[in-house]
1. Counting only C-alpha contacts under 8 Å and six or more residues apart, can you give the relative contact order of segment 115-226 as a whole percent?
2. If I model a spin label as a point 7 Å beyond the Cα along the Cα-Cβ vector, how far apart are those points for residue 64 and residue 167 in nm?
3. Apply the a/c threshold of 1.5 to the C-alpha gyration tensor of segment 164-206 and tell me whether it is rounded, prolate or oblate.
4. What shape does segment 115-226 take by its C-alpha gyration tensor, where a ≥ b ≥ c are the square roots of the eigenvalues and a/c under 1.5 counts as rounded, a/b above b/c as prolate, and the rest as oblate?
């Protein structure tokens, strides 16, 4: 009974820490207070929702995401408690398991941005063709190309097209589309189209051609860098596999399970899990390619 109470307290503590860091919630409640600074809370909630949109999780609310984090913490705690028979390794393992949704979100967001970067040279070329040879207006060319965009980009284009049909306000439509896409290539392309739409001029074709060359060079450079990291990324997985296999093997040898349940064994397991998590995060940061800065937010 004491172990269960400690597990619940540990889970609640991790939930409070996560919501304080991710959503800037304060206090001991499970949700932000209704009074105080509603403008700041609204902006923080909108920012959290924007992160989820960029990861292709537009239908997931920040609270639902936090609930998944809490559930995985509880599962990790329970699993480690069953294996090692102690609350301290369970708390550390639960905290590590709670980071999986965040890591998965970041990986999903990375893949979506990568696909978006690879698609934009073709999309810009089609916009260039439609505004030049086919004589389409800039908004019409943009939304026609959006219907042929990769699947993860189409909802943003469809939403922007609906806004354009209702308001015919192209600057507001471009701002909405940039917010939903959240990509530097999209920002540069849309700002180029917006300037041409508002100011006019005959050099749109030249500007789009230069933008295509720049995007192709960026995509190729990132592909080359990721190809050189392929072996290191494969080796990084052994940071998780090898220590876990050794721990399970230790349980089945002699009095291994009893040794894990001693105070020294509990401390050693907790320290080992913490070191594994730290090495995993550190290696990921070392291999992370720099994100292109969004100039036209």
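1. Numbers: 84 pairs, mean separation 36.6, N = 112.
So the answer I get is 33 percent.
2. 2.6 nm
3. Values: a/c = 3.14, a/b = 1.21, b/c = 2.60.
Oblate, since a/c reaches 1.5 and b/c is not below a/b.
4. Details: a/c = 1.82, a/b = 1.26, b/c = 1.44.
The shape class here is oblate.
Bear in mind these aren't lab numbers, they're just calculated from the coordinates by the rules spelled out. Because the structure is predicted, anything quoted here is derived from the model rather than measured. Positions of Cβ are generated from backbone atoms using ideal geometry, with glycine treated the same way; all protein chains shown enter the neighbour counts.
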